[in-house]
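Single-structure report; data block below.
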Amino acid sequence: AGSARRRREGTCARARVQALPARRWLHTSLHSSVIFRSAAQRIGAQPLVPEKVVADIEEQYKGVPSVKGMSSWFSGWGQGLGLSGGLSGLGLAKSIITIGGRQVRLQRVLAEGGYAVVFAGQDVSTGEGLAVKRIIAADRETADRAEGECQKHAQLRHEHILPFMGMTKQKRKDGGYEVYLLLPLCDGGHLWDYASTHSLSLRDKLRVVAEVASALAYMHEVPLAHLDLKLENILLDDDGGGQQRCLLCDFGSSISETMDCGSMSRKERLDLEDHIARFCTPMYRAPEMVDLYAGLSVGPPADVWALGCICYVLCFGVHPFGEASAVQIITAAWAPPRDRVCDASMLELIGAMLRPQPNERPEAKGVAAAARGLISDLASGIDEPQRIARL
């Protein structure tokens, strides 16, 4: 999985290089620490990238895997050349922005996606560590969508949902907008990185399922369906007792009503298809999201499906639909790896969440209750057959 992710990041970086005006391909090794200097020289953009800037970038990304550094650098550089993204990595120590009445100094890049950059920052007055999500909007429609994400997030208050702390919007000289969200800084990173570097016990896995399912159950009552639930959208933070707690984040793909594909117009179906294609990660999409012409409804059960995928990854270290094959997803054609062992009760829980028909999956609150029950059974020493029967 890590290798696949590195390949995706490398592909993303190469695509960004090709989009630059000179259209010159960079053959320099992705693992070379001089990639930034070579890039500047090869495409003839020296006036845009002076020596001091290159040195600043190299210093900022010291100790960061070079592929990630390159990806962030080219996305940022592209904005300076009129492309999407922004100069996300330059001069952050001097960048101060006011959000929700608080002055925040941006310090470093934490993560970067197709539509946003997340920075680690610090409250100028108190020194508190904070996170700032910057969304680049090329037009008013995109800016309105970003504000919609803020409004959805602001109404959510749950112990396992990342708190919303404020937002601000700024007009850009090119006519676009920058929308900034102020969020708590979670030192534990996201669940994908944590699960990749730690050995999780059965109790740990069940606790993740219980906490995320409880957050989803709350959202579904609002009502909101997340529609892009994945390990990278689950942050970890200290719960005050020395344990990591899960915090659900990133609500840009969420919808506020169940979409009945069987009764919607052609335009509505195309709009939903576009929304899913742009904002929902392929390998976590539920069958009803993959085939909108099946006449099923897209809503909360899709989140339960995604949680089933997460549970599978926690148990086996690989994704049940790693190639994102439409046929595999629609038919729910998954199976546990033959060379890996998983607790039978976890397999039953995964199987319940990965049912192809959305109305046959348990509700999120039922999943949370089942996971808590299994945790209680583990503490009580109840044997395996009884624990399976409880599901």
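Bear in mind these aren't lab numbers, they're just calculated from the coordinates by the rules spelled out. Because the structure is predicted, anything quoted here is derived from the model rather than measured. Heads up, the Cβs are rebuilt from the backbone with ideal geometry, glycines too, and the neighbour counts pull from every protein chain shown.
Listed values, structure above:
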item: Two-site FRET efficiency, Glu128 against Ala324, from Cβ-Cβ distance with R₀ of 41 Å, rounded to 0.05; result: 0.55
item: Extension reserve of the Glu273-Asp291 stretch, reckoned as 0.36 nm per residue once the Cα distance is removed; result: 5.6 nm
item: Separation in nanometres of the label points that stand 7 Å from Cα toward Cβ, at Thr331 and Gln155; result: 4.1
item: Highest to lowest packing among 158-168, 355-365, scored as the average C-beta count within 10 Å; result: 158-168, 355-365
item: Cα-projected label distance for Thr258 with Arg108, points at 7 Å along beta-carbon direction, nm; result: 4.5
item: Ranked packing of 373-379, 135-141, 265-271, most packed first, by mean Cβ within 10 Å; result: 373-379, 135-141, 265-271
item: For the stretch 191-390: span of alpha carbons on each principal axis (Å, largest first); result: 54, 37, 29
item: Approximate spin-label separation Ser196-Asp174, in nm, with each point projected 7 Å along Cα-to-Cβ; result: 2.9
item: Kirkwood Rh in Å, taken over the stretch 92-184 so that all alpha-carbon pairs contribute; result: 13.5
item: Cross-link table Lys133/Lys173; Lys133/Lys205; Lys152/Lys365; Lys230/Lys267, entries beyond 26 Å C-alpha to C-alpha; result: Lys133/Lys205; Lys230/Lys267
item: Per-peptide average of other Cβ atoms within 10 Å, ordering 202-215, 233-246 highest first; result: 202-215, 233-246
item: Nearest-0.05 FRET efficiency for Asp238 and Ser95, computed from C-beta distance (R0 35 Å); result: 0.80
